Every structure is written in C-alpha cells, then in structure tokens.
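K.L.:
Sharing a structure, written as structure tokens. Questions coming.
Values in this text are rule-based calculations from the coordinates and carry no lab data. The structure displayed is predicted, hence computed values, not measured ones. Neighbour counts are summed over all protein chains in view; Cβ atoms, including those assigned to glycine, are modelled from backbone coordinates with ideal geometry.
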Amino acid sequence: MTPTDTPTTTTATPTDTPTATPTETPTVTPTDVPTSTPTPTPTATISPTPTDTPTSTPTPTPTATISPTPTDTPTSTPTPTPTLTPTGTPTATPTVTPSDTPTPTPTSTPIEFDFVDDTEGWQSFSFLDFPPPTFGNRTGEPGTLDMTANTNVNQVGIWQSPAFEIVAPGEPARDADAIPLMGTIGSTIFSSTYTVMTDEPDQVLVPQIRVRTTADNSQQSEVLSIESHYDGAFSPTVAGRDYTLLFRPSATSPIFRFQFDMLNFYPLDSATATVMLDYVTIQPMPSTLLDGATSERVYDFVGDQDGWNSFTMGSNFSEPAFAYDSANSRLGIEIADTGDFQFGFWGSTIDPANNVPIVADRLYGAVYSVGTNIADPDQVPEFRLRLNESLFRVSQYTNIASTGTADNVPTTDGPKDYMVFFPVNMGVGRELLCSFDLLTDPSADNVLVGGSIFVERVEVFSAPAP
C-alpha cells in the first residue's frame, strides 16, 4: 500500500464545484508509482503514478448506447520516464505454449507460464534510486518469481515478461522474438490471469502489488492495483489468489509486455514479506464478450459537474488548475507553472446515490471521452482513466502518454474514446468510482504550461461475467 496522503478536494472554476469530503476515504496512494515499460534492453520507461481516486456522480442516465469498442484504443506508458535498471540477468527465452517461434497463424490457445524450470524469459528490474527487493526464482512445484522486501520505505520491484505480438490469423509475425497472440490490433480484448502468493499470513500487512501490460511504444499501459489498506480483503494470501486483468491493447503497437510489481511504501506494511508470482495465463477473449452489455450510468457534465469534484495529493505533488467548462460541458485540468511534478484529478464523490453499485458476476467497464486544447500532440500531458471500488483496495486504470509518435492522444480535432475494465467480483457491495488524472514531469521538454485536457463524457457499462 502507499503513503498516507489523502486526496485534497480543490475548488474548480467556475465555482459550482462542491467541496465534497468523501465519506470513508481510505488513504489514497500517491505512490501507485512506477508504471514501467522495460524492453528487452536494460533500460525501460516507468511512470511514477499516483493512485486511487474518488469518482463520479451520475446524471440521470438516458438510454445510452455504450461504446464498448471506443474508436482508437489508447496506448500509453507514463510520461515521467525514469530509467529502469535491471537487477537480474534475464533468461533467454521463455518456454511457453505455443512454441517459442512465432508462427504465421498463431493459436488462440492460452499461453502459460509456470516458472517450474526457470524464469521463462521474465526479467527483474528495480526503479531509479528506490531500494530494490531481493529477486528470486523458485523452481520445481510450484515454480515462482519472488520479490522479498527488505524495507517498507519506498521499495519498488518489477518482474517483466518477454514480448507478445498480436498477429491476425493468416498473417506473418513481425517480430521473430515475440510470442504470437491471435487477434486484431485495437479491437481484440485479452485476458491475463496472475496467480500471486505471499508468505505473509496477515493480508493487511501485504505490500501493494500491481499486474500490468505495457505497449512496446510506451503509449499505453493497463494496470490492476491491489492495496492492503482497510481490511486487506483483496491482497494475496498464503494459498494464492488469482487476479485477472482484462484489457484492449493499444491500437498503435502490436507488441506489448506484462509486468508484476511490488510497491512497499507504507510503514505499517511488512518490511520482510515475500510476494510470489506462481502462474500466468494469457488469451484472447471471444468477440461476443460485450454482447448483452447494458449502460449503467452516463456522466455528460451538461449543466453541472455531475457530482464530480477536483482532488490533489497534498505535499507530494504540486497542484494543476481545475475548471468546469460549462459552455462545452466538460471538466478541465490545466498544467500550472510549478516547475515540478504535478498530479490532480477529477473524480466522483463517494456517495452511493451517485455511483454504480458493484454486483456479483458482472463485468464492469467505462468509456471515457477525452479532449484537449493543445495543438501539438507531443505536448499532451500524461493522463489516466480509472475505476476504483469505494474503499480504494482495488483499482484498474488505463494510462496514456504522448511518447514516440504521440498518435494515441486526443487532438484539437475532437475528443478520443478510451476503455477501461474493472475485475469481476472484486468490491461486490461497494460502489464503482470513476476518475480522470493528470500527471506531468518537469524533466520533460514538452510540458506546455497553460495547456489543458478535458473529460467530456464517461459511460459506465456492465456485461455478464465471462
């Protein structure tokens, strides 16, 4: 779990912004940090990314048509792009199914990693000057990739998979070193399930973990974050627990990797616990996954803020500026002239009347429409689209960055749609909160002071669980 900074509600301009004090606000984690994109090379990009945020108050939802297939799937890895230093010698190639050699027609059979013989090509990384945990690979049954804490102060460890490439049936693979996955770039939804164990019997003491996927061009990451605060109900157990990350990979990169992170930032979490990745499966989902999806709530910000408030993270990050643009029915975050890291977000208040209740055996997701007034795509700041359960023990988000060709960010031509899912049967009985985050890195030479990004519409939907 992460430090103790609770989001501070700020007042947006114009002054229609309710200053909501979320009830039951667990300590939010400004250090849901490094979202990393290590490539097979020793350097990789990471993004310090604050976490969990409150979410939204719905306007009465008209019969909305869900766009579970938003145009232009985002791709992103955080903009604060520090360099990762691998702390272990990677094993050459994974022994996985299908075989290590990409075939012109990849199978849709699940690809599996069990780590029984070796690391199967996964590599370990530390993050900047943060003290790394001790990395290990226990072979035999069960095989595991381990991270053992030696402090609970700012410790970060990362295991990263070999590369995967999405290949359409009948088409040749582009990267002979990548593991082929059958699918269509920008439309196929994939499921990756991680079995994670720990040697810490008290779930409240287990360090924060994340399971992620990051596009090769660092434009998009999909992140599932699990924190042990409150009652630790969703943290790993000694027997092991499954975490399933549903995601639609970037439309701008057919190649991506998976990551398993440990973040030990909270002084009350164990300083010696081990978290172990026991098993991973990856497979494409059927195209019928969202058949029967229903619209749960639409926030269109027409006439008011739909119960959303602006939040900051106190002393850890400088504050951007917030504004409700009533003329265009959207919520804006403007980059301030602070010269250091900025983080802020719009989110719905914690109020059962304003949010979607989480029901068992339903798959939840949301489509966010994001706009900008920044003409140069290279200068669009990093942003995240998040879904959280109302005690902030579980969050899943899509992280978008204007790296490389910056062709997966919104432009002044109009808003762009991005989709994020929430894991099935986590947080049942709580509310599903939405939030929209901005992050800036002062070291980036493309920060445009005065530039804004906007959340223009959010539609929450649900479908039968797969």
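K.L.:
Expressed as a whole number of Å, what is the distance separating the alpha-carbon centroids of segment 157-191 and segment 314-341?
P.N.:
Cα centres, segment 314-341 to segment 157-191: 36 Å.
K.L.:
Whole-Hz ³J(HN,Hα) for each residue in segment 244-257, computed from phi via Karplus 6.51 cos²θ - 1.76 cosθ + 1.60 with θ = phi - 60°, x for glycine and proline: what do you get?
P.N.:
So the Karplus estimates, Gly and Pro as x, are 10, 9, 8, 7, 10, x, 4, 7, 10, 8, x, 10, 8, 9 Hz.
K.L.:
For segment 335-460, with equal point scatterers placed on the C-alpha atoms only and solvent neglected, what are the log10 I(q)/I(0) values from the Debye formula at q = 0.17 1/Å, to two decimals?
P.N.:
-0.86
K.L.:
Oh, and also: Starting from the Cα of Asp340, step 7 Å toward the Cβ, then list every residue of segment 110-139 with an amide N under 12 Å from that point.
P.N.:
What the label zone holds, given the 12 Å backbone N cut-off, is no residue at all.
K.L.:
List the residues, sorted by chain then number, that are 5 or more residues from Ser126 or on another chain and whose placed amide H is less than 5 Å from its amide H.
P.N.:
Sorted by chain and number, the residues that satisfy this are Thr85, Thr87.
K.L.:
Just subtract the alpha-carbon distance of Asp407 and Val449 from 0.36 nm times their residue separation and send over the number in nm, one decimal.
P.N.:
Working: separation 42, 0.36 × 42 = 15.12 nm, distance 2.10 nm.
Here the answer is 13.0 nm.
K.L.:
By how many nm would the segment from Thr148 to Glu171 lengthen if fully extended, with 0.36 nm per residue of separation less the alpha-carbon distance?
P.N.:
Between Thr148 and Glu171, full extension yields 4.0 nm more.
K.L.:
Residue-wise, which Karplus ³J(HN,Hα) couplings in Hz belong to segment 290-297, taking 6.51 cos²θ - 1.76 cosθ + 1.60, θ = phi - 60°, and x for glycine or proline?
P.N.:
Per residue, the Karplus-derived 3J(HN,Hα) values read 9, 4, x, 5, 10, 6, 8, 6 Hz.
K.L.:
For Gln219, which sequence-distant residues (separation of 5 or more, or a different chain) have an amide H within less than 5 Å of its own amide H, given hydrogens modelled in the peptide plane?
P.N.:
Ser76, Thr77
K.L.:
State log₁₀ I(q)/I(0) for segment 210-334 at q = 0.20, 0.21 Å⁻¹ as given by the Debye formula over alpha-carbon point scatterers of equal weight, solvent excluded.
P.N.:
Rounded to two decimals, the profile gives -1.22, -1.22.
K.L.:
Here's another thing I want to ask about it. If the viscosity is 1.567 mPa s and the temperature 4 °C, what translational diffusion coefficient in µm²/s does Stokes-Einstein give for segment 185-253 when Rh comes from Kirkwood over Cα pairs?
P.N.:
Answer, rounded: 97 µm²/s.
K.L.:
A follow-up question, please. Scan around Glu296 for amide H atoms under 5 Å from its own, H built in the peptide plane at 1.01 Å from N, and keep only partners 5 or more places away or cross-chain.
P.N.:
Sorted by chain and number, the residues that satisfy this are Val460, Phe461, Ser462.
K.L.:
Right, next: Alpha carbons only, please: Rg and Dmax for segment 149-287, in angstrom.
P.N.:
In Å, with Rg to one decimal and Dmax whole: 16.5, 53.
K.L.:
Given R₀ = 25 Å, what would the calculated FRET efficiency be for Ala360 paired with Glu112, taking r from the Cβ atoms and rounding to 0.05?
P.N.:
Working: r = 28 Å, r/R0 = 1.10.
E(calc), rounded to 0.05, equals 0.35.
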